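The values are calculated or read from the model by the stated rules, or taken from the named source; none is laboratory data. Predicted model, so just to flag it, every value in this text is computed and none were measured. Please note: Cβ atoms are built from the backbone with ideal geometry, for glycine as well, and neighbour counts cover all protein chains shown.
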Amino acid sequence: MQADEQQEVRTKESRYRLDPKIHDSLMHGSKPAAAMPKTSALGLPDPVFPQYPERCGDVAPNPKYFPSNGHPYRTRINSNILRRSLRGWLYPYLRSRLLPGEFHPIIAFLFTDYKCNLECHYCWAYDNRVPGMTEEMARSSIDWLHDTGCRVLALMGGEVLIRPKFIHKIAYYAAKKGFWIYVPTNGRLMRPEVIDWLGDAGIATVNLGVDSVEDRPELPKALNPIFPYFNYLIKKQYLYDFSVFFNINITRINIDDVKRLTEIARDNGIATDYHINESPMLDQPHFKHNSGNSTFITEEDWPRIDELVDWIIEKNKSGYKMVNSVRRLEEMKAFMRGKLLDWNCRAGQNSVIIRTDGTLAPCFPMYSATQDWGGVGQPRFDFEQLKQIKRDCQPHCFSTLNHNLAYCYEAGRAIRWTIKQALRGFRGTSGSFED
């Protein structure tokens, strides 16, 4: 394929991937804008810090929770981790299966900011013009989610830690209400004091987004610039009972980096999560890199990506801990070719997006849709419409959290997974749901 043809393919693929008719109905529908979400008159309480002064600062973790007997990963967990897992995942799942109706969120993605401190060339998921969420909206969102039975709170951006004190307040408040809290970050603002704030507040896991080892203009989510913070994070997971994993986006220009990061994660006893680089599902007018994007995968890259996926699968089978199952990794090849089959997406039913202004969407790729799905305290999902949308968008979506939710939502799978993890002492709960 000639250079100008490659450019044309990338430009075409990078605009959006949803069927044009569905896209137009979502972006230019006739429904009115969502009513103003209900908000609390109260802001978030100031966190008590430190709650656990013996864990703050340069303190050595208890070695009994370290990997032992030649095992590369954490070999023992305590009752706190187990209690969080059951309260956050199992009980809301059972509630959603027993109660009538379609809308029973288990996972909520709370977009506290849509701004970012980096500019990854593949990423359209930020806009620095969008105001951040207010304390009042954050509190209202958490209170409403609690009332629905939801107990998994994924904080989202942009860059989540762009306002670290605000995130400390959210984590503290949500943890006190029993939420299992997920914090994704590129790590650049993850200073040691921020790690202590969030660990002390009670977060459950840190999703550390890294796409390369060295800093690169197209892929600035790099490990070397944050290595001191990373080392501190790894140590403090054993004091504060959270887990850490690398979130790695596979592009056409970081294949060697993916392998190096996989080995670094193994050496540090943490899991990995992989994504195939995706162009936007919907049109994103603010996205600066629609044309000539060097990261978007083209058809001529498929053989090299196939080889990388096979390498990752072999590492998975040999015992490397991964959020993706072998089955899901195999599906990356079909996804890359636009042939992913129906995977029973539960978006808008058991997962929900709360935008920075408190309006709702079913899933992250639909963040920019103007469709009226309601707001905090006032959900208005049309489930027949969602079924129609999902028939078109599922082949183009590779969300790990939503896929894991869909996979384990089947009762038989959920029961088998719970029994298997209980027999292991819940040591593998940071890995894939199919383990």
Would you confirm, using the coordinates I've provided, whether V244 is within 24 Å of C397 (Cβ to Cβ), buried (at least 19 other Cβ atoms within 10 Å of the Cβ) and not charged (D, E, K, R)? no
Residues of the range 130-170 being within 28 Å of E102 (Cα to Cα) and aliphatic (A, V, I, L, M), in sequence order, are M133, M137, A138, I142, L145, V152, L153, A154, L155, M156, I170
Selected residue (criterion: farthest from H23 (Cα to Cα)) from residues of the range 277-310 that are buried (at least 21 other Cβ atoms within 10 Å of the Cβ) and in contact with an Asp or Glu (Cβ under 7 Å, 6 or more places away or on another chain): T295
Of all residues making up the range 231-273, the number that are in contact with a strand residue (DSSP E or B) (Cβ under 7 Å, 6 or more places away or on another chain), of a type in the set (F, W, Y) and either touching a residue at least 60 places away in the same chain (Cβ under 8 Å) or in a helix (DSSP H, G or I) (or both): 1
Scanning the range 336-367 for residues that are surrounded by fewer than 21 Cβ atoms within 10 Å (Cβ to Cβ) and under 21 Å from the mean Cα position of the chain (by Cα) gives L340, D342, W343, N344, D357, F364
In the range 75-91, the residues that are modelled with pLDDT of 80 or more and more than 22 Å from the chain's Cα centre (by Cα): N80
By residue number, the members of the range 204-220 that are assigned to a loop (DSSP other than H, G, I, E, B), under 19 Å from the mean Cα position of the chain (by Cα) and farther than 21 Å from R304 by Cβ are A204, P220
Of all residues in the range 274-283 being of a type in the set (A, V, I, L, M, F, W, C) and in a loop (DSSP other than H, G, I, E, B), the one that is modelled with the highest pLDDT: L282
Quick one: R95 ticks every box in (1) modelled with pLDDT under 85; (2) out of contact with any helix residue (DSSP H, G or I) (no Cβ under 8 Å at 6 or more places or on another chain); (3) not in a loop (DSSP other than H, G, I, E, B) bar one, so which box is it? (1)
Where the second residue is aromatic (F, W, Y) and the first is surrounded by 15 or more Cβ atoms within 10 Å (Cβ to Cβ) and lies in the range 82-103, which pairs have Cβ atoms under 6 Å and are six or more apart or on separate chains? L82/F426; R84/W180; G88/W180
